[in-house]
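**Q** Dropping a structure here in structure tokens format, bear with me for questions.
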Amino acid sequence: MDFEGFEEKYLQTQNGRLFYLHRSAPGKTIIFLHGIGGSLKSWNKLTPYLPHNLNIYLIDMLGHGRSDAPEMEYDVMVQVDALDEFIQKLALDTPVLFGHSYGGWMAIHYSLRQKVDCLIIEDCAGMESQQLEINSAGKKEEDRKSLIIESIKIGANEKVITSAANNFDKHMLTDAMLQNVSARTLLIWGADDEWVPIKFGNEMHSMIKDSEFLSIPEAGHVPHRTKPQVVGDAIAKFY
């Protein structure tokens, strides 16, 4: 695996083992949470641009990558519970959380439960306002099928992704939840994101008090892959 300086490890949770990579350093601890259907491999273009003093954890969420995929119903809170257990078992005191898409949804939920140093949220999924817009346009089933198909194309477990897609409208991020986020927050958004258009990034920015917002031109839903140096520089300036 192309992650120089990282160690491969597993951690047992109540629902199975989480696979993760760790690069030890004396600075702040930062945990990276990938999007639905993906894996920690998605960070391989970004890691060379991360500050060398960061203590970095890259996690495969349950049912993804090399983590276990138990027979169960998958929704965002299952993943948040696994993240909570991961952080508690490794005694990671108030980490920085970087969450992309579904991982951003996870990170925000976690921050409403436990204290974090700060949040860096990239092209976040899970906003109730977006789901309401999709539903009102009659596109819920179309979007569900598209999510499954596109995730399988990049190697997702079909049973896991189908369950997650079927539960996608559970535990949505409401306006009230976003207004209750107290952690210092940086929002990063691809200006050309077609999955979660930037208008929802601006809406989230208006809800999370004192948040900072970075729009990345000529970037879609995954800026950390298409503009890794820009994202790396943003992390270094913010944390």
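**Q** Any idea how many residues of segment 170-184 are among the aliphatic types (A, V, I, L, M), surrounded by 14 or more Cβ atoms within 10 Å (Cβ to Cβ) and part of a helix (DSSP H, G or I)? Steps first, answer last, please.
**A** Within segment 170-184, the subset among the aliphatic types (A, V, I, L, M) is 172-173, 176-178, 181, 183.
Filter again for surrounded by 14 or more Cβ atoms within 10 Å (Cβ to Cβ), leaving 172-173, 177-178, 181, 183.
From what's left, part of a helix (DSSP H, G or I): 177-178.
Within segment 170-184, residues that are among the aliphatic types (A, V, I, L, M), surrounded by 14 or more Cβ atoms within 10 Å (Cβ to Cβ) and part of a helix (DSSP H, G or I) number 2.
**Q** Considering every residue within segment 51-64, establish whether at least one is touching a residue at least 60 places away in the same chain (Cβ under 8 Å) and over 25 Å from residue 170 (Cα atoms).
**A** yes
**Q** While we're looking at this one, here's another question. Please verify whether segment 226-236 includes one or more residues that are β-branched (Val, Ile, Thr), within 18 Å of residue 107 (Cβ to Cβ) and part of a helix (DSSP H, G or I).
**A** The answer is yes, given that some residue of segment 226-236 is β-branched (Val, Ile, Thr), within 18 Å of residue 107 (Cβ to Cβ) and part of a helix (DSSP H, G or I).
**Q** Count, please, the residues in segment 66-94 that happen to be in a loop (DSSP other than H, G, I, E, B) and surrounded by fewer than 21 Cβ atoms within 10 Å (Cβ to Cβ).
**A** Of the residues in that region, 13 qualify.
**Q** If I ask for residues that are acidic (Asp, Glu) and either under 19 Å from residue 70 (Cα atoms) or in contact with a Leu (Cβ under 9 Å, 6 or more places away or on another chain) (or both), which ones from segment 1-51 would you list?
**A** Matches in segment 1-51: 7, 8.
**Q** Give 57, 10 a once-over and let me know the one that is assigned to a strand (DSSP E or B) and within 15 Å of the chain's Cα centre (by Cα). Spell out how you get there, then give the answer.
**A** Details: 10 fails: within 15 Å of the chain's Cα centre (by Cα).
Step by step, each of 57, 10 is checked, and only 57 is assigned to a strand (DSSP E or B) and within 15 Å of the chain's Cα centre (by Cα).
**Q** Next up: For segment 1-42, how many residues meet the condition of being touching a Pro at 6+ places or on another chain (Cβ under 9 Å) and surrounded by 15 or more Cβ atoms within 10 Å (Cβ to Cβ)?
**A** Summing the residues that are touching a Pro at 6+ places or on another chain (Cβ under 9 Å) and surrounded by 15 or more Cβ atoms within 10 Å (Cβ to Cβ) in segment 1-42 gives 7.
Let's see how each residue does on (1) without any contact (Cβ under 8 Å) to a residue 12 or more places away in the chain; (2) part of a loop (DSSP other than H, G, I, E, B); (3) more than 17 Å from the chain's Cα centre (by Cα):
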| position | (1), (2), (3) |
| --- | --- |
| 138 | yes, yes, yes |
| 144 | no, no, yes |
| 147 | no, no, no |
| 162 | no, no, yes |
| 168 | no, yes, no |
| 186 | no, no, no |
| 193 | no, yes, no |
| 209 | no, yes, yes |
| 215 | no, no, yes |
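**Q** Is it the case that residue 143 is among the acidic types (Asp, Glu) and modelled with pLDDT under 90? Even if it seems obvious, please write down each step before you answer.
**A** Values: among the acidic types (Asp, Glu): yes; modelled with pLDDT under 90: yes.
Spelling it out, residue 143 is indeed among the acidic types (Asp, Glu) and modelled with pLDDT under 90.
**Q** Six or more apart or on different chains, Cβ atoms under 8 Å: show the pairs whose first residue is in segment 13-37 and closer than 27 Å to residue 164 by Cα and in contact (Cβ under 8 Å) with a residue 12 or more places away in the chain and whose second is in a loop (DSSP other than H, G, I, E, B) and of a type in the set (Val, Ile, Thr).
**A** Listed pairs, sorted by first residue: 35/222; 37/154.
The values are calculated or read from the model by the stated rules, or taken from the named source; none is laboratory data. From a predicted model like this one, the values you see are computed outputs, not experimental measurements. Backbone-built Cβ (ideal geometry, glycine too); neighbour counts: all protein chains shown.
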